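See below for the structure under consideration.
The values are calculated or read from the model by the stated rules, or taken from the named source; none is laboratory data. The shown structure was predicted, so the numbers you read here are calculated from the model rather than taken from an experiment. Note that we place each Cβ from the backbone using ideal geometry, even for glycine, and neighbour counts take in every protein chain shown.
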Amino acid sequence: ITVQKSDKLHTFGNIGYVRIGSTTRELQLDEIIEKAAESMLLSFDEAFCIDAKETDLSSKILQSYLEKRKKMRNVPPPKVGIKKIWELVKAVVNGRVTNAGILFFSDHPQQFHPNAELRYIEFASEDMKEIVEERVFSGNIWKISDDVSSFLEKRIARESTIRGFEKIVAPHFPLEALREAVNNALIHRNYFDRGDIRIFLFPDRIEIVNPGSFPPGVTPQMPVHRPRNPLLSQYFYDIGKIEKYGSGLIRMYQLCKEGGYPEPEFVLTGGQTKVIFYFLPIRIREVMKEADEIDKQILSKIYERKSVRSGELLATIPLSKPSLVARLNRLVLKKLITKKGKGRSTVYTITL
């Protein structure tokens, strides 16, 4: 059997195959399931949770969910018994508990899905040798979302600047955009993958990494509503943690823009999605709020790359060299960037 270069699942004679490098090999059952999930042929949350029973679901969580749904979406609680309600929200289907039911309505879903955790690691430097803080968040995904949100609110450093006679204090990273990214990871990750969700905090950036790439036909630039886990997405929508129709990604971009933060970067590799938020000093962010799009691009590129030459900026910014140099000189005069060297060795850095 020969498989041409492709990301898709190939079968022949009821056997699945995958192309790795220049070789073709058979897929194991768990690999077939994972590939099918990535291709959106299977929804993990709609599948049944092996060994789970209705008694593993929490009526207290269900009550909180119904109250929150009424408050956020004006949906009145159904006037039926709890068994029927479990069926209506599809936590139980045909007498069997779904993975969605366990992940959202159970106090201890990790008993059934150990990978349904979120791991936070904070590094002192880029080399990742010294860990400053490490924490694991577990419980149902509603609880994880709330706990991580509260933790980041306290953990993310803040800085201040003066605007006129007003002191402005803001976090290093856009907290609301981080919440959107965390919630997206919790409901859209590939739970067939044995990995967990990870948050890595570095001095200059924060990364949120989750198993699973974007669904086919969906990109960060074209956020179409194609939820990998439709039930989990519905639950989070019901309680007001997300909006539908791909608005989470759009909201992330908007929140960063409004706060003067650099746009988040999406890196899709090896069956995982990484969202990166870069740190930018607050006085630069205050300028970014008022700057035009070209100056925003210049400042963001210089900060991301630490130092750049004008030729490197010309490769990505639609300006003639004289126009770019004029803008760079103006930013130098405003003491937003620093010019070092002469001639071809000239580089620009953010003024710290």
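Among the residues of region 49-82, count how many are over 28 Å from the mean Cα position of the chain (by Cα), outside any loop (DSSP other than H, G, I, E, B) and either crowded, with 17+ Cβ neighbours inside 10 Å or without any contact (Cβ under 8 Å) to a residue 24 or more places away in the chain (or both).
6
Of the residues V287, V218, which is surrounded by fewer than 21 Cβ atoms within 10 Å (Cβ to Cβ), in contact with a Gly (Cβ under 8 Å, 6 or more places away or on another chain), within 30 Å of R344 (Cβ to Cβ) and not hydroxyl-bearing (S, T, Y)?
Step by step, each of V287, V218 is checked, and only V287 is surrounded by fewer than 21 Cβ atoms within 10 Å (Cβ to Cβ), in contact with a Gly (Cβ under 8 Å, 6 or more places away or on another chain), within 30 Å of R344 (Cβ to Cβ) and not hydroxyl-bearing (S, T, Y).
Of L249, L232, L280, which residue is more than 29 Å from L313 (Cβ to Cβ), buried (at least 17 other Cβ atoms within 10 Å of the Cβ) and either touching a helix residue (DSSP H, G or I) at 6+ places or on another chain (Cβ under 6 Å) or not β-branched (V, I, T) (or both)?
L232
Where residues in region 129-168 are aromatic (F, W, Y) and not in a helix (DSSP H, G or I), which of them is nearest to Y191 (Cα to Cα)?
The residue in question is F137.
Can you tell me which of (1) assigned to a helix (DSSP H, G or I); (2) touching a residue at least 40 places away in the same chain (Cβ under 8 Å); (3) among the aliphatic types (A, V, I, L, M) is the one L328 doesn't meet?
(2)
Do you know which of the residues in region 33-48 that are of a type outside the set (D, E, K, R) and assigned to a helix (DSSP H, G or I) is modelled with the highest pLDDT?
By that ranking, first place goes to F44.
Considering each of N184, N190, N140 in turn, give the residue that is touching a residue at least 12 places away in the same chain (Cβ under 8 Å), under 29 Å from K289 (Cα atoms) and among the polar types (S, T, N, Q).
Unique residue meeting the criteria: N184.
Check I131, I144 and return the single one that is touching a strand residue (DSSP E or B) at 6+ places or on another chain (Cβ under 8 Å) and either closer than 30 Å to E286 by Cα or exposed (fewer than 13 other Cβ atoms within 10 Å of the Cβ) (or both).
I131
Using the structure shown, decide if V224 is surrounded by fewer than 19 Cβ atoms within 10 Å (Cβ to Cβ) and not in a helix (DSSP H, G or I).
The answer is yes for V224.
Report the residue count in region 202-255 for those that are β-branched (V, I, T) and at pLDDT 90 or above.
5
Kindly indicate whether any position in region 171-190 is closer than 30 Å to A47 by Cβ, modelled with pLDDT of 90 or more and not in a helix (DSSP H, G or I).
Yes, region 171-190 has at least one match.
Among Y278, Y253, which is the only one that is under 18 Å from E180 (Cβ atoms), free of Cβ contacts under 8 Å to residues at least 24 places away in the same chain and within 22 Å of the chain's Cα centre (by Cα)?
Every option except Y253 fails the conditions.
Taking the conditions exactly as written (in contact with a His (Cβ under 8 Å, 6 or more places away or on another chain), within 25 Å of F173 (Cβ to Cβ) and outside the structural domain of I85 (by TED's automatic domain parsing)), does S247 satisfy them or not?
No: the conditions fail for S247.
Can you go through R194, R179, R205 and tell me which one is closer than 27 Å to H113 by Cβ, of a type in the set (K, R) and under 15 Å from the mean Cα position of the chain (by Cα)?
Only one candidate qualifies: R179.
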